[in-house]
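What follows is a single structure, written as C-alpha cells, with notes after it.
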Ligand code: NAD
C-alpha cells in the first residue's frame with residue numbers, strides 16, 4: 001500500500017501532538033535534550049569553559065548595581081519556575097516529593113545570600129589606609145547531585161555570581177534534563193536583566209568523564225563539589241582549591257527533658273522531607289530509654305509506621321546491596337522512594353499518608369551506619385547524655401555535617417552542641433531549620449563540612465584581596 005504525503009504529514013502531526021501532551025509545558029531541555037549552545041548548554045566541556053570564561057570577563061566589568069539586578073532576576077525566575085522544575089525533577093529522577101522540592105527550590109531562590117554577604121574591611125592608622133575586598137576566582141567548576149538538582153544550581157548560581165564568578169556545572173547524569181533546564185532559565189533571566197549570556201554553562205550529556213574533565217580543566221580556578229564521598233575524594237586529588245559538600249549521617253538526640261510530642265512531629269517532618277534525600281535530614285535517633293515508647297507513639301500520629309522483627313530483616317534484604325560494615329552499601333533503587341511504596345515491597349500495605357518507616361534497633365545496626373537517603377529511620381535507646389553523644393558521634397562518621405537535639409535542658413544541649421562538632425546543630429526543630437527553613441540564617445544546598453566553609457555563600461566563592469596605601473588617606 002502506498003502512503004501519500006498528506007497521510008505522512010497527518011501521522012507526524014498526531015505523533016508530535018502526543019509527545020507534546022505527555023511533556024505538558026516541558027521545554028526542549030527535558031531529559032537533557034537541550035540544543036547545543038542554547039542558553040549555556042554545550043556539547044563539550046571545552047566549549048562550556050570557553051564560553052563561561054568569555055561571560056565572566058564581561059561580567060566583572062559591569063557595575064555592582066547590575067550584579068544586584070541580575071541576582072534579583074534570578075530569584076524571581078526561580079520562584080516562578082519552582083513548581084514546574086520540582087515536577088520535572090520528580091518525573092526525571094523518579095523519587096522525592098514534589099511539594100517538598102517546591103519548598104527547597106523556593107528556599108534557595110529566596111535565601112541564598114547575594115552581594116550583601118561580601119563585606120569590605122578597612123583599617124586606617126598612622127601608616128595609612130588598607131582596604132580588603134573579596135574578588136572572584138574566575139570560572140568555577142561545580143559538580144551537582146541528583147538529590148537537589150534545582151536548588152543546588154540556584155543557590156550556587158546566586159552566591160557564585162554575587163562574587164563575580166561564572167560557573168560551569170556538571171549535573172548528575174540522572175538529573176541532567178531538569179538541571180540543564182534550570183540553568184537555561186537562569187541564563188535567560190540574566191540576559192533579560194542586562195547580563196552577558198552563558199554565565200552558567202553545562203554540557204548536554206554530563207557523565208563521570210565530563211565531571212573529571214571539568215575538575216581537571218586548566219581554566220577552572222576552583223571547584224564546588226556537592227555529592228557523596230567518592231566525588232569529594234576525586235576533587236581533592238585535583239590539586240585545585242576545592243569547596244567540598246560531602247555526605248552526612250545526621251544523628252538526633254532526644255533526652256528525657258524534651259517536649260516529646262513536639263520532638264516527634266519535628267523528627268517526622270525533617271526525616272520524611274523529600275523522602276529523606278537531604279544530606280542534613282535526620283538519619284538515626286538516640287532516645288533516652290524512659291521516653292522512647294512515648295516518642296514512637298507520638299511519631300505514629302504524624303505519619304510514622306513502626307516495623308519490627310522479621311519485617312526489619314525483610315527491609316534489610318530489600319534496601320541493601322551489602323548491609324555489613326561501618327558503611328553499608330545501599331541499593332540506590334530505593335533512594336528517595338515513598339515510605340508506603342517501600343513497605344509494599346515487604347508485603348506491608350499502608351495508606352499513602354505514611355511518610356516514614358521507623359524501626360527500633362541496636363546501635364551500629366546497618367540502618368544506623370548507612371546514609372540511607374530514604375524514609376527509614378532507626379531508633380536506638382540510650383541511658384545517659386554521655387552515651388547518646390558518644391554513639392551519635394560514631395554514627396556521624398566524622399563527617400562533621402549535621403546533628404539535631406530535642407531537649408529542654410540547657411546543660412545537655414550545650415554539652416552536645418560543643419562536642420558533637422558538626423557544621424550544623426539544630427535544637428528543637430526539624431533538621432531543615434538549619435538551612436534557614438523555619439530557622440534564622442541564609443540558605444545553601446551545598447554545605448561544606450569537609451573543607452570547612454559551612455553553609456556556602458559568596459564568601460566561600462571569593463578570594464581576599466588587600467590594597468594598601470602607605471602613609472596617606474587617613475582623614476582624621
Ligand atoms: P553522587 O556522589 O552519586 O554524585 C554527585 C555528583 O558527583 C554527580 O554529578 C556525579 O556525576 C559526580 N560523581 C560521582 N562520582 C564521581 C567520580 N568518581 N568522579 C567524578 N564525578 C563523580 O551523589 P548523589 O547521589 O547525586 O547525591 C547524594 C550524596 O550527596 C549524598 O551522600 C549526600 O549526603 C550528598 N550531598 C551532600 C550535600 C551537602 O551539602 N553536603 C548536598 C547534597 C548532597
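Throughout, read-outs are computed from the coordinates displayed, never taken from laboratory work. Predicted model only: the values in this text are computed from it and were never measured. So basically every Cβ, Gly included, is an ideal-geometry build from the backbone, and we count neighbours across all protein chains shown.
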Checklist entry - Which whole number in µm²/s is D for region 148-213 by Stokes-Einstein, with the Kirkwood Rh taken over Cα pairs at 20 °C and 1.002 mPa s? => result 178 µm²/s
Next on the checklist: Averaging the inverse of every distinct alpha carbon separation and then flipping it gives the Kirkwood radius. What is it for region 381-476, in angstrom units?
Outcome noted: 15.9 Å
Next on the checklist: Bin width 10 Å, origin at 0, all Cα-Cα pairs of the chain: what percent of pairs per bin?
Outcome noted: 4, 20, 27, 23, 16, 7, 2, 1, 0, 0
Next on the checklist: Can I get the semi-axes of region 251-441's equivalent ellipsoid? Compute them from the C-alpha gyration tensor as square roots of 5 times the eigenvalues, in angstrom, largest first.
Outcome noted: 24, 17, 16
Checklist entry - In 10 Å bins starting at 0, how do the alpha-carbon pair distances of region 213-331 split up by percent? => result 12, 29, 29, 18, 10, 2
Item to check | Paramagnetic reach from residue 205 (point 7 Å along Cα→Cβ, amide N under 16 Å) across region 39-53 | outcome: 42-48
Checklist outcome for this item: Rounded to one decimal in nm, the spacing of the 7 Å Cα→Cβ label points at residue 192 and residue 133 is 3.0 nm
Next on the checklist: Once each part is reduced to its C-alpha centroid, what is the distance from region 337-376 to region 114-159 in angstrom?
Outcome noted: 40 Å
Item to check | Residue-averaged 222 nm ellipticity for the chain, from DSSP H runs of 4+ at -39500 (n - 2.57), nearest 500 | outcome: -12500 deg cm²/dmol
Checklist entry - Out of every Cα-Cα pair in region 34-122, what percent are more than 20 Å apart? => result 57 percent
Checklist outcome for this item: Hits in region 251-275: amide N under 14 Å from the 7 Å Cα→Cβ extension of residue 428, namely 255-264, 266
Checklist entry - What is the gain in length, in nm to one decimal, between residue 68 and residue 259 on full extension, counting 0.36 nm per residue of separation less the C-alpha to C-alpha distance? => result 64.4 nm
Checklist entry - Under a point spin-label approximation (7 Å from Cα along Cα-to-Cβ), what is the residue 331-residue 126 distance to one decimal in nm? => result 7.5 nm
Next on the checklist: Can you say what percent of the DSSP beta bridges in region 251-441, counting only those with both residues inside, are antiparallel? Round to 5.
Outcome noted: 10 percent
Checklist outcome for this item: Here the FRET efficiency for residue 99 versus residue 306, based on Cβ atoms and R0 = 30 Å and rounded to 0.05, is 0.75
Checklist entry - Residues in region 366-390 near a label at residue 289, defined as backbone nitrogen under 15 Å from the 7 Å Cα→Cβ point? => result 380-388
Checklist entry - If you average the sequence gap of Cα pairs under 8 Å that are 6 or more apart and divide by the length of the chain, what percent do you get for the contact order? => result 20 percent
Item to check | Pair residue 475, residue 440: separation of 7 Å Cα→Cβ label points (nm) | outcome: 3.2 nm
Next on the checklist: Can you sort 373, 343, 469, 53 from fewest to most other Cβ atoms within 10 Å of each residue's own Cβ?
Outcome noted: 469, 53, 343, 373
